[in-house]
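Reviewing the structure listed below.
The values are calculated or read from the model by the stated rules, or taken from the named source; none is laboratory data. From a predicted model like this one, the values you see are computed outputs, not experimental measurements. Glycine gets a Cβ as well: all are built from the backbone with ideal geometry, and neighbour counts include every protein chain shown. Accessible surface areas use protein heavy atoms only, side chains included; no ligands, DNA or RNA. Shrake-Rupley method; radii C 1.70, N 1.55, O 1.52, S 1.80 Å.
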Amino acid sequence: MPHWLQLMLESLPSLLWAALIFTVPLTLLSFVLGLTVGLGAALARLFGPKPLVALVRFYVWIFRGTPLLVQLFLIFYGLPSVGILLDAFPAALIGFTLNIGAYTSEIIRAAIGSVPKGQWEAAYSIGMTWSQAMRRTILPQAGRVAVPPLSNTFISLVKDTSLAAAITVPEMFQAAQRIVATTYEPLILYVEAAILYLALSSVLSALQTRLETRLNRYGGFLEARS
């Protein structure tokens, strides 16, 4: 067996374990919490009072306009200067959540804005309250529009979790770094890590395609093309 293949096989369990214990949970938790933050920020931006709108705009401006790596460093290494100490995983979770929340808020805001005004009027005409109209009429239609960009954001997040290695989260990329430190084989190990990230992204891309096809089963480009 070639040396490079043997090394890959020997290191594979460690990389998969790190992915299972840290990469996948960090991705899922960050996306769910970020999506919640994004929905709240989008609704505040569209329907909130002016001071709240200004605050949300400032939040989105900050987190979309600065690198994610810098945000993680500020949270993990910077906050202790003001007495706020966080472990690596919670610091990464907070950083990813706030970053994802900023991006998803713009996606959701645009999706809600794409719903025709007539849908609001139709909901009100049959006696729905604002919350009922939002829950039963607007969000289902907006969700269909938002699925592709939100799916892309989720797939990007899977790869971005590798940045958590910079603040000592022992996720998959840092596991590869640790093995490199003992084997002195950076090319082989980093290629293996890249292949695993590619595999995860490919699976998610396939699921995204199936979801989009299902949402377009009643018409649209995907339906017409098939």
Rounded to the nearest 10 degrees, what's the angle between the helix 172-183 long axis and the longest principal axis of the chain, both from Cα atoms, 0 to 90? 10 degrees
Toward the positive end of the charge dipole of the chain, about the Cα centre and with charges on Cβ (Lys, Arg +1; Asp, Glu -1), which of Phe73, Gly38, Leu204 goes farthest? Gly38
Between the alpha-carbon centers of region 151-186 and region 83-106, tell me the distance in whole angstrom. 17 Å
Farthest towards the positive end of the dipole of the chain, among Tyr59, Leu9, Thr27 and with Cβ unit charges of +1 on Lys and Arg and -1 on Asp and Glu, lies the Cα of Tyr59
Rolling a 1.4 angstrom probe over the protein heavy atoms, how many square angstrom per residue are accessible across the chain? 56 Å²
Magnitude of the charge dipole, the chain, Cβ model with Lys/Arg +1 and Asp/Glu -1, debye to 20: 1040 debye
³J(HN,Hα) across region 11-18 via Karplus (A = 6.51, B = -1.76, C = 1.60, θ = phi - 60°), whole Hz, x for Gly/Pro? 8, 4, x, 5, 5, 5, 5, 5
Helical mean residue ellipticity (222 nm; -39500 (n - 2.57) per DSSP H run of 4+; nearest 500) of the chain: -25000 deg cm²/dmol
Round to a whole number: what % of the accessible area of the chain belongs to carbon and sulfur, probe 1.4 Å? 69 percent
